[in-house]
1. With the requirement that a residue be open to solvent by less than 40 Å² (accessible area, probe 1.4 Å) and either of a type in the set (Gly, Ala, Ser) or at pLDDT 95 or above (or both), what does region 92-109 give you?
2. Sort out which residues of region 91-134 are over 28 Å from Thr69 (Cα atoms) and aromatic (Phe, Trp, Tyr), and write them in order of number.
3. Cβ-Cβ distance below 6 Å, separation of 6 or more or different chains: which pairs start in region 115-129 with a residue that is touching a residue at least 24 places away in the same chain (Cβ under 8 Å) and of a type in the set (Ser, Thr, Tyr) and end on one that is part of a strand (DSSP E or B) and crowded, with 17+ Cβ neighbours inside 10 Å?
4. Can you find a residue that is assigned to a strand (DSSP E or B), buried (at least 19 other Cβ atoms within 10 Å of the Cβ) and β-branched (Val, Ile, Thr) anywhere in region 111-121?
5. Mind checking whether some residue in region 72-91 is open to solvent by less than 60 Å² (accessible area, probe 1.4 Å), over 17 Å from the mean Cα position of the chain (by Cα) and β-branched (Val, Ile, Thr)?
6. For region 25-59, enumerate the residues that are outside any helix (DSSP H, G or I), in contact with a strand residue (DSSP E or B) (Cβ under 7 Å, 6 or more places away or on another chain) and among the charged types (D, E, K, R).
7. Restricting attention to region 130-171, and to residues there that are acidic (Asp, Glu) and more than 28 Å from Met114 (Cβ to Cβ), which single residue is modelled with the lowest pLDDT?
8. Can you pull out every residue in region 60-75 that is of a type outside the set (A, V, I, L, M) and outside any strand (DSSP E or B)?
Amino acid sequence: MLRSFLLLAFTALTGCGYHVAGSAAHVPANVRTLAVPIFKTNVVQYRTEVALTDATIRELNTRTRYHITASDDPESADATLTGTVLTETIAPLTYDPSTGSTSSYLIQITAKIMLTARDGHVLYQNDKLSFREQYQSTQDLSAFIQEDSAAVRRLSRDMASEIVADILNSF
């Protein structure tokens, strides 16, 4: 009776999608090294692809045990995580009624992410990962600080967290 119960419990656990935290649902067990070259970009904004790549590498180093390289040679790693920034838009969100000037903006970035094994097999793909971030504009022009680059860094951290979580936890 106990043997039957244990067999049933084992079968239920292995069939329900249970996995060990930190293990990757999309990544085979033999993958130990991930290459993450600088993401490509289709936008004219400066350094968005670098911010997203850096944030993704930082997130992978924090949340996984993979050895991460920045190489763009697919033979240098067991798998390669590539990305392309597809769009980046900045739009006025709110206006100051007394001056008529914009008081906050909404930045939106859309990217394509792909994890490919050394043999070319696609392990993970998201063609339209999209995130938004709001930021305030500086009203005092004498102390003007460009806030959009800080918003891109915050947004990149959020996107990187989602990329890694999706690779590690998707069923």
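1. Of everything in region 92-109, those that are open to solvent by less than 40 Å² (accessible area, probe 1.4 Å) and either of a type in the set (Gly, Ala, Ser) or at pLDDT 95 or above (or both) turn out to be Ser103, Ser104.
2. Tyr95, Tyr105, listed by residue number.
3. Once the first residue is touching a residue at least 24 places away in the same chain (Cβ under 8 Å) and of a type in the set (Ser, Thr, Tyr) and sits in region 115-129, its partners that are part of a strand (DSSP E or B) and crowded, with 17+ Cβ neighbours inside 10 Å give Thr116/Thr80; Tyr124/Leu115.
4. Yes; the residues of region 111-121 include at least one that is assigned to a strand (DSSP E or B), buried (at least 19 other Cβ atoms within 10 Å of the Cβ) and β-branched (Val, Ile, Thr).
5. no
6. Arg32, Lys40 - these are the residues of region 25-59 that are outside any helix (DSSP H, G or I), in contact with a strand residue (DSSP E or B) (Cβ under 7 Å, 6 or more places away or on another chain) and among the charged types (D, E, K, R).
7. Initially, region 130-171 is screened for residues acidic (Asp, Glu), giving 133, 140, 147-148, 158, 162, 166.
Retained after the next criterion (residues that are more than 28 Å from Met114 (Cβ to Cβ)): 140, 147.
Numbers: Asp140: 55, Glu147: 63.
Out of the qualifying residues, it is Asp140.
8. To start, the set of residues in region 60-75 that are of a type outside the set (A, V, I, L, M) comprises 61-67, 69, 71-75.
Asn61, Thr62, Arg63, Thr64, Arg65, Tyr66, Ser71, Asp72, Asp73, Pro74, Glu75 - these are the residues of region 60-75 that are of a type outside the set (A, V, I, L, M) and outside any strand (DSSP E or B).
The values are calculated or read from the model by the stated rules, or taken from the named source; none is laboratory data. These numbers come from a predicted model, not from an experiment. Because the Cβ atoms are built from the backbone with ideal geometry, glycine has one as well, and the counts that use them run over all protein chains shown. In case anyone asks, the SASA skips ligands and DNA or RNA and just uses the protein heavy atoms, side chains included. Shrake-Rupley method; radii C 1.70, N 1.55, O 1.52, S 1.80 Å.
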